[in-house]
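Asker: Got a structure for you, written out below as structure tokens; questions coming shortly.
Rule-based calculations on the coordinates, nothing more; no lab input. The model shown is predicted, which means the values in this text are computed figures rather than measured ones. Methodologically, a virtual Cβ is constructed for each residue, glycine included, from the backbone with ideal geometry; neighbour enumeration extends over all protein chains shown.
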Amino acid sequence: MADGFAQSVKQQADIVRIIGEYIRLNRSGGQSFKGLCPFHKEKTPSFNVQAAQQFFHCFGCGQSGDVFTFVQKMENISFPEAVRSVAQKCGIPLPKREFSSPEEAQASRLRSKLMEIHEQACLYFEEQLQSPEAARAREYLTGRGVTAEAIREFRIGYAPDSYSTMRDRFQSAFDEEVLRGSGLFSSRDQGDGAAGPMYARFRKRITFPIRNEAGRVIAFTARALDNDEKAGPKYLNSPETPLYTKGHVLFNLDKAKQAIRQFEFALLVEGQMDCISVYMAGITNVLATSGTAFTEAQVRLLGRHTRQVVVNFDPDTAGANAAEKSIALLIEEGFSVKVVTLEGGLDPDRYVRERGTQAYIAALRGARRHSDYLIERARTLFPPVTPDAKVKALNFLLPHMQHIPSRIARDEFAADAAQKLAIDSALLRQELKQAAFARRTDVRSQSSAAPGWSEAEKLLLRALTLPIGDPARDAARQRLTEEPALYEGLAAASLLAAFAAAEEAISNPFALAPDEASRHLLATVLMKGSQEIQLEQVENACQSLRHSRLERRQRELRRSLAEAELRNDAITVQELMAEKIALDRDLREG
Ligand SMILES: [Zn+2]
């Protein structure tokens with residue numbers, strides 16, 4: 001996309017309004033806004049948006065950039081796509097589509113073709129579910145209580161028992177790259193490196209489309225109709241494609257997100273069938289992880305809609321393990337988590353069908369705090385009757401306690417655990433403190449790695465990021481270009497040099513920072529002043545850099561002089577003395 005267009009969109013877009021569509025921002029003074037970071041989970045806002053300079057920065061996780069970077073990260077799209085998306089949000093008419101490289105244009109075309117083939121495949125499977133061959137699939141669905149309405153709503157379909165039917169039908173509409181890239185077809189390697197003929201990946205299976213947050217079909221999961229070995233795995237998923245990354249999607253988020261915001265919590269179940277039953281029973285804020293444990297990407301996705309989760313995984317061992325892992329991840333990211341265990345060892349799907357919606361809602365109301373659930377798990381796994389078992393139960397709980405961000409909640413958890421496991425609570429608190437101390441020292445050693453920038457360096461950094469044409473920017477660039485000695489010994493030398501070398505406006509100054517510590521520091525520096533910089537300040541900063549360079553040299557000279565005197569090296573002493581006298585004079589006059 002033409003850079004000029006991106007620049008013009010950026011000038012017209014209000015970063016605060018655009019970011020405000022994704023997360024809640026509050027004014028924190030002047031042109032600064034604060035909110036909870038969408039890229040890492042936190043309870044106190046460390047995500048900053050600067051309206052004047054049009055950038056964001058998170059002091060928690062170090063993410064930063066301009067409005068395009070933000071949209072790119074949030075939507076997981078390319079730069080040109082982000083520019084288009086922001087332009088659309090601002091009502092700016094789009095130019096004819098242009099890409100910065102042929103590869104980018106190619107990738108974008110492929111993605112939209114892949115979207116199209118998935119939609120077509122979904123329609124095809126839906127149609128096949130009505131065919132005579134699919135009689136058994138329909139019986140199975142009816143047997144599981146899946147109504148015609150649910151079939152329509154979730155677009156459940158059937159992949160026929162044929163290697164070629166679907167391929168033959170799609171071959172005329174899509175070219176080979178799209179067919180192969182879609183993951184809907186498989187092929188065997190010919191042995192000579194060439195891919196063999198394609199055949200349908202899903203056969204004799206009930207298909208469930210996986211949709212992205214916008215509701216577009218991006219992949220499928222398909223359940224085998226037969227249980228024998230020949231049928232392959234019970235559930236078969238699409239492979240990863242340019243549209244679909246495993247663990248990055250939450251099943252049903254497109255339909256559930258509104259209800260999640262409305263009820264202010266999400267119900268998390270394991271399987272798609274659970275999700276469908278519960279949703280059709282009228283509990284519409286339900287999501288499925290579609291795998292076992294929750295992933296970090298899923299937590300982040302969910303965190304954009306709510307911070308409260310009720311977890312209702314299967315009661316088997318795998319379910320309990322998945323629940324524990326998911327709880328740990330959610331707690332660490334600052335979510336409030338409750339856990340439901342259904343009586344009778346039922347999974348959500350069967351519970352809803354056998355006991356009815358009202359009973360399920362009652363069970364949800366009875367959800368326990370995650371700490372109570374975990375203590376109960378610990379007591380079941382290691383009945384605390386011997387000291388040895390108590391230690392094991394404690395070791396099971398400690399990691400969970402440590403990950404609770406709030407100290408009050410942590411202490412409460414510890415007190416409960418101590419009481420229910422009959423452990424000395426002072427001892428338990430001590431264990432926790434040690435763990436917490438280890439964590440804090442971690443953080444401290446990180447922040448001490450931050451480079452030390454002088455006030456003069458900070459001022460020049462600010463000046464160099466001013467808009468093109470600002471006299472202070474021009475002056476700073478000129479000084480640094482004409483007098484490279486100014487960089488000598490500076491902590492911010494490489495960053496200043498990179499800024500000074502930029503002919504155009506620097507759209508993302510953070511991209512030039514070498515590490516996270518410098519990025520944080522740079523954000524602090526840039527946030528400080530939206531007020532203009534006087535030429536005199538630039539001159540003073542340069543003068544101060546010269547001065548400190550001379551002072552540094554003076555210290556070096558003193559050291560070298562002392563050494564030369566010790567060695568009785570008269571010639572060197574003389575040379576150094578001459579330099580020192582000149583230097584002392586410069587320093588007095590400067
Ligand atoms: Zn962050």
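Asker: Compute the distance in nm between two label points, each set 7 Å from the Cα along the Cα-to-Cβ direction, one at Glu127 and one at Ala415.
Answerer: 6.5
Asker: Check every DSSP H run in the chain and write down those whose alpha carbon atoms cover 27 angstrom or more along the long axis and whose mean Kyte-Doolittle hydropathy is -1.0 or greater.
Answerer: Working: long enough: 102-128 (38 Å, -0.87); 425-447 (33 Å, -0.73); 535-566 (47 Å, -1.16); 570-589 (29 Å, -0.14).
Result, helices passing both filters: 102-128, 425-447, 570-589.
Asker: Mind checking which lysines have their Cα closer than 24 Å to the Cα of Lys458? Skip sequence neighbours fewer than 8 apart in that chain.
Answerer: Straight-line reach from Lys458, under 24 Å: Lys34, Lys528.
Asker: Another question, if that's okay. If you average the sequence gap of Cα pairs under 8 Å that are 6 or more apart and divide by the length of region 220-316, what percent do you get for the contact order? Mind dumping the intermediate values first?
Answerer: Values: 131 pairs, mean separation 28.9, N = 97.
Across region 220-316, relative contact order equals 30 percent.
Asker: Another question about this same structure. Give the residue from Gln298, Ile210, Asn285 lying farthest towards the positive end of the charge dipole for the chain; charges sit on Cβ (+1 for Lys and Arg, -1 for Asp and Glu) and the dipole is referred to the Cα centre.
Answerer: Most positive-ward Cα: Asn285.
Asker: How large is log10 of I(q)/I(0) for the chain at q = 0.05 Å⁻¹ when the intensity is taken from the Debye formula with one equal scatterer per alpha-carbon?
Answerer: Scattering profile of the chain, log10 relative to I(0): -0.34.
Asker: Among Ala194, Tyr163, Ala148, pick out the residue whose Cα is farthest towards the positive end of the charge dipole of region 103-237, where Lys and Arg carry +1 and Asp and Glu carry -1 on C-beta, about the Cα centre.
Answerer: Ala148
Asker: Over the chain, what is the relative contact order in percent, taking alpha-carbon pairs closer than 8 angstrom and at least six residues apart?
Answerer: Working: 796 pairs, mean separation 47.8, N = 590.
Contact order relative to length: 8 percent.
Asker: Going from the alpha-carbon gyration tensor of region 464-520, what semi-axes, largest first and in whole Å, does one get by taking the root of 5 times each eigenvalue? Walk me through the numbers before you get to the answer.
Answerer: On the way: eigenvalues 66, 52, 12 Å².
Over the Cα atoms of region 464-520, the ellipsoid semi-axes are 18, 16, 8 Å.
Asker: Restricting attention to the alpha-carbon atoms of region 103-237, what are Rg (one decimal) and Dmax (integer), both in Å?
Answerer: 15.5, 49
Asker: On to the next question. Based on alpha-carbon atoms only, what is the radius of gyration of region 1-59 relative to the globular estimate 2.2 N^0.38 Å?
Answerer: Numbers: Rg = 12.5 Å, N = 59, 2.2 N^0.38 = 10.4 Å.
The value comes to 1.20.
Asker: Which GluC sites (Glu not before Pro) in region 33-102 pass both tests, a DSSP loop state and at most 16 other beta-carbon atoms within 10 Å? Spell out each step's value before the answer.
Answerer: Details: sites: Glu42, Glu75, Glu81, Glu98; in loops: Glu42, Glu98.
Sparse-neighbourhood loop GluC sites (Glu not before Pro): Glu98.
Asker: State, to one decimal in nm², a quarter of the convex hull surface area for the C-alpha atoms of region 455-589, i.e. the direction-averaged projected area.
Answerer: Working: hull surface 38.9 nm².
Projected over every direction and averaged, the Cα hull of region 455-589 covers 9.7 nm².
Asker: Roughly how many nanometres apart are two label points built 7 Å out from the Cα toward the Cβ at Ile92 and Glu539?
Answerer: Simple spin-label model gives 3.8 nm for this pair.
Asker: Continuing with the same structure: Considering only DSSP beta bridges whose two residues both sit in the chain, what percent are antiparallel, to the nearest 5?
Answerer: Among the beta bridges of the chain, antiparallel pairing accounts for roughly 75 percent.
Asker: Determine the alpha carbon to alpha carbon distance for each of Lys113/Lys255; Lys113/Lys325; Lys246/Lys325 and list only those over 27 Å.
Answerer: In this structure, Lys113/Lys325 lie more than 27 Å apart at Cα.
Asker: Here is a further query. Grab the DSSP H runs of the chain that are 4 residues or longer, score each as -39,500 (n - 2.57), total them, divide by all residues and round the 222 nm result to the nearest 500 deg cm²/dmol.
Answerer: Numbers: 25 runs with 315 residues, N = 590.
That calculation yields -17000 deg cm²/dmol at 222 nm.
Asker: Quick check on region 1-108: what are the equivalent-ellipsoid semi-axes from the Cα gyration tensor, as sqrt(5λ), descending, whole Å? It would help to have the intermediate numbers written out before the result.
Answerer: Numbers: eigenvalues 139, 47, 21 Å².
Whole-Å semi-axes of the equivalent ellipsoid: 26, 15, 10.
Asker: In whole angstrom, note down how far apart the Cα centers of region 194-212 and region 51-108 are.
Answerer: Their Cα centres are 33 Å away from one another.
Asker: When the Kirkwood radius is taken over all Cα pairs of region 253-366, what Stokes-Einstein diffusion coefficient follows at 37 °C and 0.692 mPa s, in µm²/s?
Answerer: In µm²/s, the coefficient rounds to 239.
Asker: Follow-up. For region 528-590, which trypsin sites (Lys or Arg not before Pro) pass both filters: DSSP loop (anything but H, G, I, E, B) and at most 11 other C-beta atoms within 10 Å?
Answerer: Values: sites: Lys528, Arg546, Arg549, Arg552, Arg553, Arg555, Arg558, Arg559, Arg567, Lys580, Arg585, Arg588; in loops: Arg567.
Here the trypsin sites (Lys or Arg not before Pro) that fit, given the DSSP loop and packing criteria, are Arg567.
Asker: Estimate the FRET efficiency between Ala52 and Arg24 by the formula 1/(1 + (r/R0)^6), using the beta-carbon distance for r and 22 Å for R0, to the nearest 0.05.
Answerer: Working: r = 20 Å, r/R0 = 0.93.
For R0 = 22 Å, the calculated efficiency reads 0.60.
Asker: A further question on this structure: With a Förster radius of 41 Å, plug the Cβ-Cβ distance of Arg585 and Glu503 into 1/(1 + (r/R0)^6) and report the FRET value to the nearest 0.05. If you can, show how the numbers build up before the last one.
Answerer: Values: r = 39 Å, r/R0 = 0.95.
With R0 = 41 Å, the Cβ-Cβ based efficiency is 0.60.
Asker: Which of the trypsin sites (Lys or Arg not before Pro) found in region 348-389 are loop residues per DSSP with 11 or fewer other Cβ atoms within 10 Å of their Cβ? Intermediate values should be presented prior to the final figure.
Answerer: Working: sites: Arg350, Arg353, Arg355, Arg365, Arg368, Arg369, Arg377, Arg379; in loops: none.
Loop-located and lightly packed - none at all.
Asker: Okay, next question. Regarding region 79-139, what is the average projected area of its C-alpha convex hull, in nm²? Kindly include the intermediate steps, with their values, before the conclusion.
Answerer: Working: hull surface 26.4 nm².
Computing the convex hull of the Cα atoms and averaging its projections yields 6.6 nm².
Asker: Which stretch or stretches of region 516-557 have amide N atoms under 11 Å from the point lying 7 Å from Ala491's Cα along the Cα→Cβ direction?
Answerer: Counting backbone N atoms under 11 Å from the label point, the list is 518, 521-522.
Asker: In whole angstrom, how far apart do the alpha carbon centroids of region 545-590 and region 380-405 sit?
Answerer: Result: 65 Å between the Cα centres.
Asker: Let me ask something else about it. Any idea what the relative contact order of region 103-237 is, in percent, if you count C-alpha pairs under 8 Å spaced at least 6 apart?
Answerer: Answer for region 103-237 is 24 percent.
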